[in-house]
Amino acid sequence: MRALLVCPEFPMSFWSFRKSCQLRGNRTVNPPLGLLTVAALLPPAWELRLADLNTRSLTEEDWQWADLILISAMYIQREGLLALIKEAKRRGKTVVAGGPHPTSLPEAALEAGCDFVVRGEGEITVPLLLKAMRAEKTGVIETDERPDLTTSPIPRFDLLRLDDYAAFTIQTSRGCPFDCEFCDVVNLFGRKPRHKTPKQVIAELETLYRLGATGNVFICDDNFIGSKKQARALLQEIIAWSKSRGEPYSFLTQASVNLGQDPDMIDLMTAARLGEVFIGIESPDENVLETSHKYHNIKNPLLESLRTLKQNGMEVIGSFIIGLDGERPGAGERICAFIEQTDIPVNMLGVLQAAPHTHLWHRLEKEGRLREDVGDNLGTFSALNYEPDRPEAGIMQEYVEAWDYLYEPSRYLARAYRYYLAMRPARRDPAMAAGAPPRRDHAPHQGMTCRQRLNQLRSVVKILWWQGVRPPYRRQFWTQLIGMWRQNPSRVRQYLLTCAEGEDLFDLRQMVRDKVAAIIEERNLEVPAAKSWGRAAAR
């Protein structure tokens, strides 16, 4: 059997960071970990080929080679998923679809002609799929069981073209103990976190290492500290393994904001070179957080938690939502004011979307507030798929104004400067601090290649051109860069990378304006006059 595993293209979103990827010489941010895990669960005798459409196009030879097409898709990839199913069926191929979108909305894939729709996690559903294929019983493959992750295999990282990706992905757990109303993690993976053993995780890192993967590793857990006991045990193993391999990777992950109340955990994470975390802050309004069941964001002062993370060397990417129930007018302004207080440079700001089969989805459905005329490819630029409890036009206007405010280049650079200036100096290897050369071993990593050094030099030159020569705010860039170099030189590299990410966010700022304008026109909304609230937000 020849199986072609296909990842549909992601449309432009907050997570695209296309310029940043090009800066590093990569094609996209992360590889499709779900498909790599499925590949490891398929029969060893099968021939496998990965087609990530974010890095290359499908060729005629791909289509002719394949006997079976397996597609995994998130909500935002809906259009690509359905188009691929239809094209594969036009060519007479057997098609299997899985991932978050088919799991939550199997009808759409079936209507497009899909032979098998797999709902749930591959460790249990792939064997069921193979059994159904042998019996020639098409349709939905599903089970209520959740797999024990200690049985999960090492993903087939060998199917990747390593240079295509800015960061590699591993997963150490699934599920989250919290139950935020709008989040689909509980629907997909449950509230009880399940974990791989530290030995399994180290085996995955060792596999990446021996393949020659370099750079960052994204631990894409739903909540890395869902079990702090498990997180501590894993971090100790990562620290030991990293030291034995010359610390080849930096890590980033997702966690809840209560991490900011645990300095010892932060210290352990940064010791493991896990120094960047995506946190769902969502709103500075406590009543809104309570309505959304995000109680852990209320338990302790948000500003205090985020300040602790910053001061102890943790980079935070914040997530905020406009349009939550119970929200008062001016939410966008309050969010921007809060962000200015925290100094967090990079923030994902979105309008609320009711993801299928979340608690929010079911509540809105019961209240008759779900919209049937809005698609389910939920993303950065999607229209509201529900009737909000305050005027929709005001929500959309605040969304645009918040993007305008946050990603005005000079303001963005100022936040980045304040953030990294306030961080404690980065850790350094004790031997290197004493003057010893960097450690080397006899494994595949023997320092940077000439090509990598050249790419790094080109990257620095591009950043300096983008922000130090071309724009009107170039004087601010140089003043801040010199200030960083003098006052916190160990954070200069992180600061420059964040400046580079700004180029993507500045472009998205204009795209948000255009997309929201199209939504407003399509829905014939009467938008209130834009107001200047920059001073209030800056206070």
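A short reminder: the numbers here are calculations on the coordinates, not readings from a lab. Treat the numbers as computed from the prediction; the structure is a model and nothing was measured. Quick reminder, even Gly has a Cβ in these numbers, built from the backbone with ideal geometry, and neighbours come from all protein chains shown.
Figures for the structure shown
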| read-out | value |
| --- | --- |
| Förster radius 30 Å - calculated FRET efficiency between residue 137 and residue 158, Cβ distance, rounded to 0.05 | 0.40 |
| Among 213, 1, 256 the positive-end extreme of the charge dipole of the chain (Cβ point charges) | 213 |
| Helical segments meeting 27 Å axial Cα length and Kyte-Doolittle -0.5 threshold in the chain (DSSP H) | 492-523 |
| Net length gained if the chain between residue 62 and residue 371 were fully extended (0.36 nm per residue, minus Cα distance) | 107.4 nm |
| Simple spin-label estimate for residue 453 and residue 298 in nanometres, 7 Å along Cα-Cβ | 5.7 |
| Extension gain from residue 206 to residue 236, taking 0.36 nm per residue of separation minus the Cα-Cα distance | 9.2 nm |
| Extreme residue, positive dipole direction of the chain, given options 151, 422, 231 (C-beta unit charges) | 422 |
| Computed E for residue 526/residue 389 - FRET, C-beta separation, R0 30 angstrom, nearest 0.05 | 0.95 |
| Simple spin-label estimate for residue 460 and residue 517 in nanometres, 7 Å along Cα-Cβ | 4.0 |
| Among the listed pairs 131/192; 192/310; 196/229; 192/366; 196/228, those beyond 20 Å (Cα-Cα) | 131/192; 192/310; 192/366 |
| Among [x] 35, 32, 23; [y] 53, 31, 20; [z] 55, 24, 20, the entry that matches semi-axes √(5λ) of the Cα gyration tensor in Å as calculated here | [x] |
| Size of charge dipole - segment 2-142 - debye, nearest 20, with Cβ of Lys, Arg +1 and Asp, Glu -1, no other charges | 300 |
| Added length on full extension, which subtracts the Cα-Cα distance from 0.36 nm per residue, residue 291 to residue 328 | 12.0 nm |
| Electrostatic dipole magnitude of the chain [Cβ: Lys, Arg +1; Asp, Glu -1; Cα centre; debye, to 20] | 2380 |
| Dipole of segment 2-142, positive direction: furthest Cα of 76, 104, 46, with charges on the beta-carbon | 76 |
| Residue 470 paired with residue 408, simple spin-label distance in nm, labels 7 Å along Cα-to-beta-carbon | 2.2 |
| For the chain, cysteines whose Cβ has no other cysteine Cβ within reach (under 4.7 Å) | 7, 21, 114, 176, 220, 336, 450, 499 |
